[in-house]
1. Could you go through the stretch 140-156 and let me know if any residue there is part of a helix (DSSP H, G or I), of a type outside the set (Phe, Trp, Tyr) and in contact with a strand residue (DSSP E or B) (Cβ under 8 Å, 6 or more places away or on another chain).
2. Pairs, please: C-beta under 9 Å, at least 6 apart or cross-chain, first residue over 12 Å from Pro362 (Cβ atoms) and in the stretch 12-40, second among the β-branched types (Val, Ile, Thr) and assigned to a helix (DSSP H, G or I)?
3. Condition first: modelled with pLDDT of 85 or more and of a type outside the set (Lys, Arg). Now tell me which residues in the stretch 301-321 satisfy that.
4. For the stretch 123-139, indicate whether the set of residues that are among the small types (Gly, Ala, Ser) and either without any contact (Cβ under 8 Å) to a residue 40 or more places away in the chain or more than 21 Å from Thr22 (Cβ to Cβ) (or both) is non-empty.
5. Taking the residues in the stretch 248-265 that are part of a loop (DSSP other than H, G, I, E, B) and either among the small types (Gly, Ala, Ser) or at pLDDT 95 or above (or both) as candidates, determine which candidate is surrounded by the most Cβ atoms within 10 Å (Cβ to Cβ).
6. Do you know which residues across the stretch 405-436 are under 18 Å from Arg254 (Cβ atoms) and part of a loop (DSSP other than H, G, I, E, B)?
7. Among (1) more than 18 Å from the chain's Cα centre (by Cα); (2) assigned to a helix (DSSP H, G or I); (3) aliphatic (A, V, I, L, M); (4) within 24 Å of Val30 (Cα to Cα), where does Ala367 come up short?
Amino acid sequence: MSNVLDLVDQTIFRVERAADITNLIQCVWVYDRAVDIGGLRRFHEHLQHGRLSRRIERSPLPFSRHRWVSPDEPSDIEVAEARPRDEFDAWLSEQADTSLDAEHGPGWHLAVLPFTDGGTGVSLIASHCITDGVGLCEAVADAAAGLDNPYSWPAAGARRKWQAVREDARQTMRDAPAIGRALAAAARFLKHNNVAAALADPSSSPAGTDEPITLPAATVFLDADEWDARAHALGGTSNTLFAALAARVAYRTRRVAADGSVTLTMPINGRSAGDTRANAITNVDITVDPSGASTNLREIRSATKQALIRSATEPDERWALTPLVLLVPERLGKRFVGVATNSAASVGASNVGDIDPAVNRPDGTDADYFAMKSLSSGMTTAMMHQLGGLLSFLSGRADGRVFVSVVAYQPDGSTTNEDLQEHVSSTLSDFSLTPAPGWAPPSQPSSTMRKTELIDA
């Protein structure tokens, strides 16, 4: 088994390093009782010996791929002081700011928050450099089931310097044909896309202080049976209903093209048995008209089907460019962040589908709520301006519920947590969908549902 990073993983790592950001995936559990801390420590121990147990070791050559190695001693579980449950979202945001490092470690972090009402919240954050959403679910399911990683990575520094130079030079030679194909793809990409703006000097951003920002976010839960029934009534599937929801929120937040259309960028899972890639995905772009999405899903369903068929024969040009990242000095990588994204009207929409029931048992028993979030740490106003803003959705289904988490930012700063909550709430009403009360305690009266149905993250 090779420990050489896949080109997509190499690209994500180098771009993050250049931009000084960390893209994260967060798993969130809520128990309406005290968690079994012994069971959670066993879960943590298996995570230490599982799929997340690795870090990145740089190649001694500037234009060669890095390698996976075994990690140093991981951090222990963080057990926070008890807080009221209504401070859970603030605590989750604090967890998202935990320093993670795919190169030096730690690449993930597990933390527990006891609630003053007797319940418990649990957070697991992981760097996108070491896993994607599906991979994280597999790692969590294995750890919850008491399984360790069947693969072991070499120790850091196991290769002598000249051995590493020789081996990595040979790897670069093997990558040469892919680099040649990428150069041809780059020529086509430059011909059909306006890359000049994406490669513009960051100093061309509007004048003013470049400040760190916390991206507005929200999470909503819906009954899975109601969700499926609504999708069927509108002539679609669960996935097309999710796409339609994303498109309608994009419409409300004015993240649309000049003709009013919305481009959804949907990751397609390519993970197979024994796959050791951190990000085993490809992207497919789907252009839809959001105006009628809440009353008829057939157009979006057809567009999705055609896009999937097209992607099988016409891979995303952006992914074809990944071998070129080996030729770009890391200090210039920040200029290429925009190339990896679509236009300012694009919307990320990732659906991890049905969650393995084991994922919902971090302490060995079923949690009352589970959700996942896709977050970014280290984002600044200048970066958001370069990207043209952000609107991203992550959804899945666990324990009879569908969760949808949303993160958004407009370069003009017009989107706040309250704005995003209102946009999502109004869009759900468009689809005649009723959100569940969220992770409020079971005694929460139904009259307060509007206050708790959307969880400000």
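The values are calculated or read from the model by the stated rules, or taken from the named source; none is laboratory data. In this text, all values refer to a predicted model and were calculated from it rather than measured experimentally. Cβ: placed from backbone, ideal geometry, glycine included. Neighbour counts: every protein chain shown.
1. Scanning the stretch 140-156, I find at least one residue that is part of a helix (DSSP H, G or I), of a type outside the set (Phe, Trp, Tyr) and in contact with a strand residue (DSSP E or B) (Cβ under 8 Å, 6 or more places away or on another chain), so the answer is yes.
2. As it stands, the answer is Arg14/Val325; Val15/Val325; Ile21/Val15; Asn23/Ile12, since those pairs meet every condition given.
3. Ser302, Ala303, Thr304, Gln306, Ala307, Leu308, Ile309 - these are the residues of the stretch 301-321 that are modelled with pLDDT of 85 or more and of a type outside the set (Lys, Arg).
4. Scanning the stretch 123-139 turns up no residue that is among the small types (Gly, Ala, Ser) and either without any contact (Cβ under 8 Å) to a residue 40 or more places away in the chain or more than 21 Å from Thr22 (Cβ to Cβ) (or both).
5. Top of the filtered list is Ser261.
6. Gln410, Pro411, Asp412, Gly413, Ser414, Thr415, Thr416
7. (2)
Every residue, every condition in (1) at negative phi; (2) of a type in the set (Phe, Trp, Tyr); (3) crowded, with 22+ Cβ neighbours inside 10 Å, yes or no:
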residue	(1), (2), (3)
Ser374	yes, no, no
Leu387	yes, no, no
Asp399	no, no, no
Tyr409	yes, yes, yes
Glu418	yes, no, no
